[in-house]
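Take a look at the structure set out below.
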Amino acid sequence: MAGMTVDKDKCVGCGLCASTCPQNAISLAGGKAAISEECVACGLCLDACRLGAIRRESGQRQQGLEQYRGILVFAEQHQGHLEDVTLELLCKAKELQRDLDCKICAVVPGRQGSHLAQTLIGHGADTVYVCPAEELDEPLEQQAADLVEQAIRRFQPEIVLFGATELGRSLAPRVAARLHTGLTADCTVLEIDREKRLLQQTRPAFGGNLMATIVCPDHRPQMATVRPGVFAKGEPEARQGEVEALPAPACQPAIQLVANQIAQRSAGIADAPVIVAVGKGIGSQKNIQYAQQLADRLGGQVGASRPLVDAGWAQYSMQVGQTGHTVAPKLYIACGISGAIQHLAGMAGAQTVVAINTDPDAPIFRAAHYAVVGDCVEVLKQLLAQLPEAPVPGGNI
Ligand code: FAD
């Protein structure tokens, strides 16, 4: 593991590093900086120290890094339906591929894999690894980890991408731990440092107050999870690819659990084409009814900022933001939402944003395409008066 060390000969005990450290991991002992175990090696002290007295120590570098080439995407499916995030990851993989000049592969568990392979190829996969075993139709994390590990050992990708879904969040760390490599969760930006062939993984850090770009220079593969809706899905193309079957991983009876299959997937805000989101400016729980009526007429759903969920005015399933859901609707109407960075992190993928706020300087207006300065309850009532009552099929937009 990489860490930070202090060159005691160069350090003059000025304390600049200590005042910069967001973890309070640096103190002055005997007139020199001392770094405690709280250090997360974020590197801010490197920039703060004007004397170059702090340096990052590299951990042990894995042998044969250059043998790893290509991008592997875990293709999550349920009951033969591919999760949208899989296609979003493939679209991003195609962008990264331009800088890396490499192949893209996907690995899909379950008997529906062969049927889904053509979709994955159309969206950019050159090879699809399938494993048509009944027990992988709805795999447990352990089984999915066995399969992904097998695909990684076969293909030796330099990058592996997972959706930050319930399964992906549990699966990715298991695989990373088995392969002794790093993992960056909930990335919002993925780019390539072409010179070093490194994946630059950017995600909100320190409560969303800054964006951290994380690299994994010494181990392969470089692994990241990305929440649904963060990247675009892309259009399929007519293209050829290969399908290769992997043997079913050995069953581990000790961890066999009875898993409930959800017969019908409920439509939530993550898939809604229109979201009417409410914040504290809505004034009262009762007023949310106007947002609900507008959402119904537009064929959409109601979203909420975190304080409304904390106050019990809205369900967690409605929360948009860093600790809520990431959404990418065609239309996002923000009613009485200030536009804190943690809220914006969840709605950055919205195509058109309309913001209604009494404060003309509210940060939400910087993210909005249309700004309405006014009382959101009054504006909602006026919009309802203008719109037809019955929802138009497919929504009113
Ligand atoms: P406020 O910031 O109080 O804003 C209310 C707005 O309403 C103001 O701009 C005001 O001008 C306006 N207003 C008042 N009256 C009216 C009116 N009558 N008509 C129109 N406008 C009016 N927040 C999230 O939303 N989602 C998250 O996932 C999330 N995760 C977080 C994670 C962490 C680690 C932290 C530290 C915070 C997180 N937050 C999250 C909280 C976030 O920082 C903000 O506090 C929150 O988004 C503010 O919610 P708000 O805009 O509803 O309220």
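The values are calculated or read from the model by the stated rules, or taken from the named source; none is laboratory data. Note that the structure is a prediction, hence the values are computed from the model and not measured. Methodologically, a virtual Cβ is constructed for each residue, glycine included, from the backbone with ideal geometry; neighbour enumeration extends over all protein chains shown. Heavy atoms of the whole protein, side chains included, go into the accessibility calculation; ligands, DNA and RNA do not. Shrake-Rupley method; radii C 1.70, N 1.55, O 1.52, S 1.80 Å.
So which of Glu195, Glu158, Glu237 ends up being open to solvent by less than 30 Å² (accessible area, probe 1.4 Å) and of a type in the set (D, E, K, R)?
Details: Glu195 fails: open to solvent by less than 30 Å² (accessible area, probe 1.4 Å); Glu237 fails: open to solvent by less than 30 Å² (accessible area, probe 1.4 Å).
Within the list Glu195, Glu158, Glu237, the selection yields Glu158.
Which of (1) under 22 Å from the mean Cα position of the chain (by Cα); (2) aromatic (Phe, Trp, Tyr); (3) closer than 23 Å to Leu384 by Cα is the odd one out, the single condition Trp313 does not satisfy?
It is condition (1) that Trp313 fails.
Look at the range 310-325 and say how many of its residues are open to solvent by less than 30 Å² (accessible area, probe 1.4 Å) and either among the hydroxyl-bearing types (Ser, Thr, Tyr) or within 14 Å of Lys286 (Cα to Cα) (or both).
First pass over the range 310-325, keeping only residues open to solvent by less than 30 Å² (accessible area, probe 1.4 Å): 314, 319-321, 324.
Among the residues that remain, those that are also either among the hydroxyl-bearing types (Ser, Thr, Tyr) or within 14 Å of Lys286 (Cα to Cα) (or both) are: 314.
Qualifying residue count, the range 310-325: 1.
If the requirement is being in contact with a strand residue (DSSP E or B) (Cβ under 9 Å, 6 or more places away or on another chain) and open to solvent by 60 Å² or more (accessible area, probe 1.4 Å), which of these qualifies: Thr188, Thr213, Thr202, Thr181? Outline the logic, then answer.
Details: Thr188 fails: open to solvent by 60 Å² or more (accessible area, probe 1.4 Å); Thr202 fails: open to solvent by 60 Å² or more (accessible area, probe 1.4 Å); Thr181 fails: open to solvent by 60 Å² or more (accessible area, probe 1.4 Å).
Within the list Thr188, Thr213, Thr202, Thr181, the selection yields Thr213.
Cβ-Cβ under 8 Å, sequence separation 6+ or interchain: first residue in the range 374-385 and closer than 8 Å to Ile356 by Cβ, partner more than 8 Å from the ligand (Cβ to nearest atom) and among the hydroxyl-bearing types (Ser, Thr, Tyr). Which pairs?
Final answer for the pair search is Leu380/Tyr290.
Do we find that Val12 is in contact with a strand residue (DSSP E or B) (Cβ under 6 Å, 6 or more places away or on another chain) and over 30 Å from Gln143 (Cβ atoms) in this structure? Before you say what the answer is, go through the steps one by one.
Values: in contact with a strand residue (DSSP E or B) (Cβ under 6 Å, 6 or more places away or on another chain): no; over 30 Å from Gln143 (Cβ atoms): yes.
No.
Which of the strands (runs of 3 or more DSSP E) contained wholly in the range 281-380 include at least 1 residues that are more than 7 Å from the ligand (Cβ to nearest atom) and under 26 Å from Glu88 (Cα atoms)?
Details: elements: 301-304, 331-335, 352-357, 370-373.
In the range 281-380, the matching strands (runs of 3 or more DSSP E) lie at 301-304, 331-335, 352-357.
State all residues of the range 72-103 that are farther than 19 Å from Ala145 by Cβ and open to solvent by less than 10 Å² (accessible area, probe 1.4 Å); if no residue qualifies, say none. So that I can check it myself, show each step before the final result.
At the first step, the residues of the range 72-103 found to be farther than 19 Å from Ala145 by Cβ are 79-82, 84, 87-88, 90-103.
Those that are farther than 19 Å from Ala145 by Cβ and open to solvent by less than 10 Å² (accessible area, probe 1.4 Å): Leu90, Ala93, Leu96, Leu100.
How many of the residues making up the range 201-223 are in contact with a helix residue (DSSP H, G or I) (Cβ under 8 Å, 6 or more places away or on another chain) and within 25 Å of Ala270 (Cα to Cα)?
Number satisfying all stated conditions: 5.
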